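First the structure, in the form of structure tokens, and then the observations on it.
The values are calculated or read from the model by the stated rules, or taken from the named source; none is laboratory data. Note that the structure is a prediction, hence the values are computed from the model and not measured. Reconstructed Cβ throughout: ideal geometry from the backbone, glycine too, with neighbour counts over all protein chains shown.
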Amino acid sequence: TGNTTGPHLHYEIRQNGAALNINDIVPEQRNLFLASVQRIRSKPLRNSTYTTYTISPSIPSWRSPSYRTEGTQTPSSDRRIRVALAVDQREIWLATSTVGHIVDGNGHVLKSIPARQNIRITQGENGELYADGELLPSAFFIQASNNGYVAVNNAWYRGKVFTASRTTGLLVVNWIDMEPYIASVVGGEMSSSWDMDALMAQAVAARSYALVHMIRPHDRNWYDLMSTTRHQSYQGIRTEDQRTRQASSRTEGTILTSNVQSIHHVSGVVEALYGANMNVISNSHNGYGMPQIEANNLAKNGIDYTQILSRYYPNSQLSRMN
């Protein structure tokens, strides 16, 4: 419960019938539990009633077996998503648009770098990391000052970038707030010149899909999803513009949910699949999802984004992330 006399949530965890104290559970498992609890539906119990609450999924803390630091800070926003930009690489190039800082998991600055100066990150034979030959910890963040951007191999991204050494190579993950991520995905998956209602339908679908993968990460220890079309096309600021940002802001926090059990519904959130046309939908998603070209044609004929979504995602409704 929160330290408040206002609305708050009472819950109990049981294992083999015995009640557990959540504070005794290690942080990793606690975060996984909170991430899995999405909705407590109204249900009479004795003389009480469970009221519906929505719990935003928690972002997992650092769980790398090779890098555990007590007190390491998790992202400040419950809507921050972890997007893998590079996996199993031998070297990467990083830069910042403004003065940048390489920091450890506790936020301590390890190294400052001038604006727009490329640094080469390499992995040693024993897994150690080097920045232009200078030894670094096996995991670190790089972030730009004054809301600047971070470049990874010549593509610019908002938020901050996490780099880690793994036995299979270098991993680079963008930790970014949900809405700028959605603005980029909309531009990566559709032409920003398309009808605004089509762009807004894409924004809701992409946000729902992203939330499902925050609940059910592709690699739970490291990242939620990838930046490629394996999940959703995300290319940083390259694919965002005024119209894609508008599509994101007009639908901010809006997702698709459903009370109907389905393989496409995770903890009540719809995994809103989509593809260019019905052929792609049929071949890749067994006929389930939104064909983007058709959605744009509907929008041009006056069908708004809510109707487009209800057409392609049956038994779903629009909800807002709290």
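So, in region 92-123, how many residues would count as being assigned to a loop (DSSP other than H, G, I, E, B) and either under 17 Å from Ala151 (Cα atoms) or in contact (Cβ under 8 Å) with a residue 24 or more places away in the chain (or both)?
Matching residues across region 92-123 total 12.
For region 243-275, which positions are exposed (fewer than 15 other Cβ atoms within 10 Å of the Cβ) and closer than 24 Å to Thr96 by Cβ?
Listed by number, the list is empty, since nothing qualifies.
Taking region 299-314 only, how many residues are closer than 16 Å to His264 by Cα and surrounded by 14 or more Cβ atoms within 10 Å (Cβ to Cβ)?
Our first condition is that a residue be closer than 16 Å to His264 by Cα; within region 299-314, this holds for 309-314.
Right, trim to surrounded by 14 or more Cβ atoms within 10 Å (Cβ to Cβ) and you get 309-313.
Total satisfying the criteria: 5.
Residues Ser97, Ser138, Ser48: which one is surrounded by 14 or more Cβ atoms within 10 Å (Cβ to Cβ), hydroxyl-bearing (Ser, Thr, Tyr) and at pLDDT below 95?
Within the list Ser97, Ser138, Ser48, the selection yields Ser138.
I'd like to check which strands (runs of 3 or more DSSP E) are fully inside region 126-233 and have at least 2 residues that are within 26 Å of Ala95 (Cα to Cα), in contact with a helix residue (DSSP H, G or I) (Cβ under 7 Å, 6 or more places away or on another chain) and touching a residue at least 60 places away in the same chain (Cβ under 8 Å).
155-157
Checking the conditions here, which among Ser319, Ser310 is over 22 Å from Ser193 (Cβ atoms), modelled with pLDDT of 95 or more, assigned to a helix (DSSP H, G or I) and in contact with a Ser or Thr (Cβ under 8 Å, 6 or more places away or on another chain)?
Ser310
Only one of (1) buried (at least 17 other Cβ atoms within 10 Å of the Cβ); (2) more than 21 Å from the chain's Cα centre (by Cα); (3) more than 24 Å from Thr239 (Cα to Cα) fails for Arg90. Which number is that?
Among (1) buried (at least 17 other Cβ atoms within 10 Å of the Cβ); (2) more than 21 Å from the chain's Cα centre (by Cα); (3) more than 24 Å from Thr239 (Cα to Cα), Arg90 violates only (1).
Within 26 Å of Ala299 (Cα to Cα), surrounded by 18 or more Cβ atoms within 10 Å (Cβ to Cβ) and not acidic (Asp, Glu) - does that describe any residue in region 157-178?
For region 157-178, residues within 26 Å of Ala299 (Cα to Cα), surrounded by 18 or more Cβ atoms within 10 Å (Cβ to Cβ) and not acidic (Asp, Glu): present.
Return the pair list, or none, for Cβ contacts closer than 8 Å from residues in region 294-318 that are under 18 Å from Leu211 (Cβ atoms) to residues that are assigned to a helix (DSSP H, G or I) and of a type outside the set (A, V, I, L, M), at least 6 apart or on different chains.
Tyr305/Asp197; Ser316/Ser310; Leu318/Thr306
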